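Below is one structure; the comments refer to it alone.
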Amino acid sequence: MAFLPGFVALFALLSTVPNWFGALVGTLVGALIQLVYPLTGKLTGATPTLLPGWGWVLLGIFAFHGVAEELVWRGYAYRRLREGRTFWRAVLLTMPLIAATHIPIVIGSGPAVGAAAMVVAAVTSIPLAHLFEMGRDTIWAPAVLHTAIDTFKLFTLPDAVFPLLLAGVSVVVPLLVLLAGRPGRSARPAAA
C-alpha cells in the first residue's frame, strides 16, 4: 500500500491536460529546433538522413525522454523543489541534478560531447520548468520540447560539425519559451 500515493500522483500528472498556450509554445519552439537538420546540411554539404524505423524511434524518444524524464525532473523533482521557493531558486537547485545524469555521455561519447550534453541538460531546465508552469504543472508541453531536442537520435548525421551545432541550437532556441510569459515570481507555499 506504500506505493499508492505515488501511483495516484503519477496518474494525476499523466491525466491532466495543459493549457493550450503552453502546449502551442512548446510545439512551436520544438519545431524551430528541427531547423538544425537543414542547417547542418547547408554547413557540411552532407544531408541528414532518417534512420530506418525512425517512427518507432520517435515514439521511444517521446515515451522515455519526453514523458518519463519529464515525470521525474519536472513532475517530481522540480515540483517538490518549487514548494516554498521561487521559480529561479527551484530551477537552480534542479540544474546540477539533471546535468549529473548526463555524465555517462562523457564516457560514451567523449569529453566534448559529454560536456555539451551536460550544459544543454542544465540550461534547458529553465525553459522546461517554465513550460511546466505555463501548462498548469503538467508535463505535456515540456515533454514535447524535450522530445524535439532529442530528435537527433532519428538521423545519421555528419560527426564533425553536428554535435556542437546541435548543442548550440539546443541551448539557445528553447530559451525562446521565456518570451511567452513569465514563470511564477513568488515562492509557492509548502505542501501541507
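The values are calculated or read from the model by the stated rules, or taken from the named source; none is laboratory data. Just so we're clear, the structure is a prediction, and the values are computed from it rather than from any experiment. All Cβ positions, glycine included, derive from the backbone under ideal geometry; neighbour counts span all protein chains shown. Ligands, DNA and RNA are excluded from the accessible area calculation, which covers all protein heavy atoms including side chains. Shrake-Rupley method; radii C 1.70, N 1.55, O 1.52, S 1.80 Å.
As a test of reading the structure, rank 64, 21, 155, 132 by solvent-accessible area (1.4 Å probe, protein chains only), most first.
Correct descending sequence by accessible area is 64, 21, 155, 132.
Relative contact order for the range 13-106: what is it in percent, counting Cα pairs under 8 Å that are at least 6 residues apart?
Here the relative contact order equals 17 percent.
Going highest first, how would you order 168-178, 48-58 by mean Cβ packing within 10 Å?
168-178, 48-58
Sort 100-113, 78-91 for me by packing, meaning the mean count of neighbouring Cβ atoms within 10 Å per residue, highest on top.
Highest-to-lowest ranking by the protection proxy: 78-91, 100-113.
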